[in-house]
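The values are calculated or read from the model by the stated rules, or taken from the named source; none is laboratory data. Just so it is clear, the structure is predicted and the values come from calculations on it, not from any experiment. Counting neighbours? That spans all protein chains shown, and the Cβs are built from the backbone with ideal geometry, glycine included. Accessible surface is based on the protein model in full, side chains and every heavy atom, while ligands, DNA and RNA are left aside. Shrake-Rupley method; radii C 1.70, N 1.55, O 1.52, S 1.80 Å.
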Amino acid sequence: MERTELFKKIKRVVVKIGTSSITDDDRISAAKIEGFARQISSIRKSGYEVVIVTSGAISAGAGILGMKRTNLAIPEKQALAAVGQAVLMNEYKSCFSLYGCSVGQVLLTEDDMRHRTRFLNARNTLNALINMDVIPVINENDTVAVNEIKIGDNDTLSAHVYSLVEADLLVLLSDIDGFYNDLNDPEPVRFIGKISDDIRSRAGGSGTKHGTGGMVTKVNAAEMIMRLGGMMVIADGGEESVLERVLRGEMTGTLFAGQSVKVNSRKKWISMRKGKGIVVIDDGAVNAITKNKKSLLAAGITHVNGRFVMVDIIDVVNSSDVPVARGIVNY
């Protein structure tokens, strides 16, 4: 199906802007942010609702304090993020005000995604901002995030935000213009309908020196969204009018599109969470869950890995360690 046809019903868009797309010579570039502000204000006039996930806080702090990002301890990175968040949001506020748009900052951690009540509170806040005609600008709360509550990279964060706000499309803007099967190919792959092991293996490598994400994190984000039947585009943030071109359905970047599925909000939330443990089940239990849509009984469990308590989310795998389900622990 043509992109123009797939994109016809898109209303709410999450735009992830990578560090490389808003920095110049190791500093936050007001000119680059202004370019995105112009594009986003333009597409909003066309009827789209936009939520921004931005990177760049640590780089902004490093630029202001004249420090390098490399070889820093975690508290130092968190301190740079504290300085940089103010700088970053001030630039977004100034640039969007040129086009008559208001912005609001929202900082999230994995904890906000993991707990259902906090997840719903975050959703309500973001919907309220959108209803007030304010553009949410979201980043991970790097000033307090440690491994236990850290999402880790903004590609993954943007996939969570896509689910959080029930968006129709995620656009990842970076210095990469799409997914390539081979670096010698003249153009990226234009459409991917399924994430295969081959695609995962070709996605190896890390991001730029300023960012934390590479193609691996982008493909992982795509897989999370496609599982929900959603769509994601990887495109070059430096390309002229890239957002407008993407939403017009032009062949720019790589489109990842999952099969249309009907999943209720609670199941979507469960599917996006990290499992805190693993339960191994026998073939009879696999058949009961996957084919007969039954609950998992204790008799079908053969092994348990990890530590978890009631209300934690766990992964359920078969005897070959292949995931077959994910659920919430009742006991």
Among (1) open to solvent by 20 Å² or more (accessible area, probe 1.4 Å); (2) closer than 28 Å to Q39 by Cα; (3) in a helix (DSSP H, G or I); (4) among the aliphatic types (A, V, I, L, M), there is one condition L243 misses while meeting the rest; what is its number? (1)
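Each row is one residue, and each column tells you yes or no for (1) at pLDDT 95 or above; (2) buried (at least 20 other Cβ atoms within 10 Å of the Cβ); (3) within 16 Å of S174 (Cα to Cα).
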residue	(1), (2), (3)
R3	no, yes, no
V15	yes, yes, yes
I52	yes, yes, yes
G56	no, yes, yes
Among the residues of segment 93-140 satisfying the criterion of being charged (D, E, K, R), closer than 16 Å to V53 by Cα and part of a helix (DSSP H, G or I), which is least open to solvent (accessible area, probe 1.4 Å)? E110
Give me the pairs, please: first residue somewhere in segment 124-143 and within 25 Å of K45 (Cβ to Cβ), second residue anywhere and acidic (D, E) and at pLDDT 95 or above, beta-carbon distance under 8 Å, and either six or more positions apart or on two chains. I130/E49
So the check is Cβ under 6 Å with 6+ separation or different chains; which pairs have a first residue in segment 22-48 that's of a type outside the set (G, A, S) and a second one that's open to solvent by 40 Å² or more (accessible area, probe 1.4 Å)? I22/K32; I28/E91; I33/E91
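Say we look at segment 34-49 and pick out the residues that are of a type in the set (A, V, I, L, M) and touching a strand residue (DSSP E or B) at 6+ places or on another chain (Cβ under 8 Å); which of these is surrounded by the fewest Cβ atoms within 10 Å (Cβ to Cβ)? Lay out the reasoning, then the answer.
So in segment 34-49, the residues of a type in the set (A, V, I, L, M) come out as 37, 40, 43.
After this cut, where a residue has to be touching a strand residue (DSSP E or B) at 6+ places or on another chain (Cβ under 8 Å) as well, the list is 40, 43.
Numbers: I40: 24, I43: 19.
If we take residues in segment 34-49 being of a type in the set (A, V, I, L, M) and touching a strand residue (DSSP E or B) at 6+ places or on another chain (Cβ under 8 Å), then I43 is surrounded by the fewest Cβ atoms within 10 Å (Cβ to Cβ).
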Residue set I313, I281; condition more than 24 Å from L164 (Cβ to Cβ) and either in contact (Cβ under 8 Å) with a residue 60 or more places away in the chain or surrounded by 15 or more Cβ atoms within 10 Å (Cβ to Cβ) (or both); output residue I281
